[in-house]
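For reference, the structure is listed below as structure tokens.
No lab work stands behind these numbers, since they all come straight from the coordinates. Remember, predicted model here, so these are calculated numbers, not experimental data. Counting neighbours? That spans all protein chains shown, and the Cβs are built from the backbone with ideal geometry, glycine included.
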Amino acid sequence: KEVCADLGWEFSSSLYDEMVAANVKRLEELEKEHENNVLDEEDQSQLCGVWQSKLDYLCSIGDSEAATALATSKIEDKTVPKSHRIDANFSLFRVSFFHGCNIKGMSSAIEKATELIEGISGGDWSARNKLKAYEGVWSLAIRDFTRAAHLFVDVVPTFESYELADFGTIIRYTVLACMIALPRCDLRKKLMHHGVMAQALHSQYQDLREYFVSLYDGRYSDFLVCLARIEVEMKRDPLLHPHYRHYVQEMRLRAYKQILQAYRSLSLQYMANSFGVTTEFVEREVAKFAAAGRLQCKIDSVAGTVITSAHLGDDSVRSKEAPEASLDRNILYQTTVKRGDILLNRLKKLARVMDF
């Protein structure tokens with residue numbers, strides 16, 4: 001009913017009644033199996049397996065209320081082994097995740113699972129590994145991209161939480177989080193020099209590889225095309241949809257910072273050509289970020305140039321004949337020469353008063 005209401009599909013009462021009958025029959029079978037196992041309490045693992053099967057089935061048919069009630073009862077039952085209580089917590093997380101990305105419910109499940117896992121003597125590697133995947137998804141939900149990036153990079157080589165998401169989705173989440181959170185020096189190491197990630201990006205997810213490489217290599221027009229495609233995908237993802245505007249804006253800002261970092265001044269036309277957009281769009285974007293203090297630069301509308309903050313007082317840069325691409329290394333060279341002259345003069349003065 002909820003799906004038909006959300007998507008505007010025609011509701012079929014006969015199909016609904018048929019599905020309800022099938023669900024009732026399957027739940028009765030699971031309940032009967034559970035009762036039979038209760039009579040023989042010697043095999044505790046088999047007993048836990050039955051209620052877990054019921055919990056998984058309730059999650060699969062979207063009965064969030066019944067699934068939450070069953071999982072909560074098992075989590076609070078101290079006689080249930082900790083490993084099974086941890087699995088029940090993960091089930092609670094999935095219920096909250098798949099039903100509207102309930103951040104409060106996801107946070108509560110992560111907190112309880114962490115508490116249980118930390119309490120296991122000697123540690124449970126499989127549970128800890130799964131927790132990283134779940135916590136990574138939760139970090140994306142609360143817009144903590146930095147934490148999500150580090151968690152996903154760690155979990156990709158040993159990913160086993162297929163009940164949460166498929167491997168391709170985790171790869172996509174990893175790239176998106178790394179692109180916005182990690183510094184440039186770490187991006188290549190984490191994405192292209194990371195064995196499993198590199199193999200996946202080269203073989204199956206070349207669109208994500210192009211998204212990363214286009215920014216890393218400074219192909220900004222290609223990068224904006226990739227970013228537009230990423231925006232469409234994020235809009236369709238219930239987890240990422242609340243953050244797509246913020247993400248796209250921050251990634252454009254990152255590209256602007258990267259291109260401006262290499263120059264002392266840059267013409268708006270050159271910048272527009274690099275990004276494949278109009279000068280009006282670039283000027284509007286740069287002005288917006290500069291006014292907010294996110295870009296350390298100033299626009300000279302008369303000369304049609306963008307001047308970085310380190311050179312705002314340099315008249316030669318502000319002139320109309322300012323070069324379109326004066327590299328920062330030239331400034332570093334001039335500064336080094338100037339400081340070298342000062343040092344030599346001081347050494348000469350010192351030599352006059354010293355007796356060798």
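Listed values, structure above:
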read-out: Spherically averaged projected area of segment 114-268 from its Cα convex hull (nm²); value: 10.3
read-out: Highest average packing first - 95-102, 280-287, 264-271, Cβ atoms within 10 Å; value: 264-271, 95-102, 280-287
read-out: Mean-position separation - Cα centroids, segment 60-93 and segment 144-186, in angstrom; value: 26
read-out: Rounded to the nearest 20 debye, dipole of the chain from Cβ charges on Lys, Arg, Asp, Glu; value: 2940
read-out: Cα radius of gyration and Dmax for segment 226-315 (Å); value: 14.7, 51
read-out: Cleavage-rule hits (GluC sites (Glu not before Pro)) in segment 156-213: DSSP loop, at most 15 neighbouring Cβ within 10 angstrom; value: Glu160, Glu163
read-out: For Ser267, distant residues with modelled amide H under 5 Å away; value: Val306
read-out: Selected from His243, Gln296, Asn89, residue furthest toward positive end of dipole (the chain; charges at beta carbon); value: Gln296
read-out: Likely footprinting exposure, Trp125, Trp138, fewest C-beta neighbours within 10 Å first; value: Trp125, Trp138
read-out: Spin-label pair Thr114/Lys338, simplified geometry with 7 Å Cα→Cβ offset, distance in nm; value: 4.9
read-out: For segment 22-28, Karplus couplings with θ = phi - 60° (6.51, -1.76, 1.60), whole Hz, Gly/Pro x; value: 5, 5, 4, 4, 5, 5, 5
read-out: For peptides 146-157, 178-189, sequence by mean Cβ density within 10 Å, most packed first; value: 146-157, 178-189
read-out: Label point distance in nm, Glu280-Lys78, each placed 7 Å from Cα along Cα→Cβ; value: 7.1
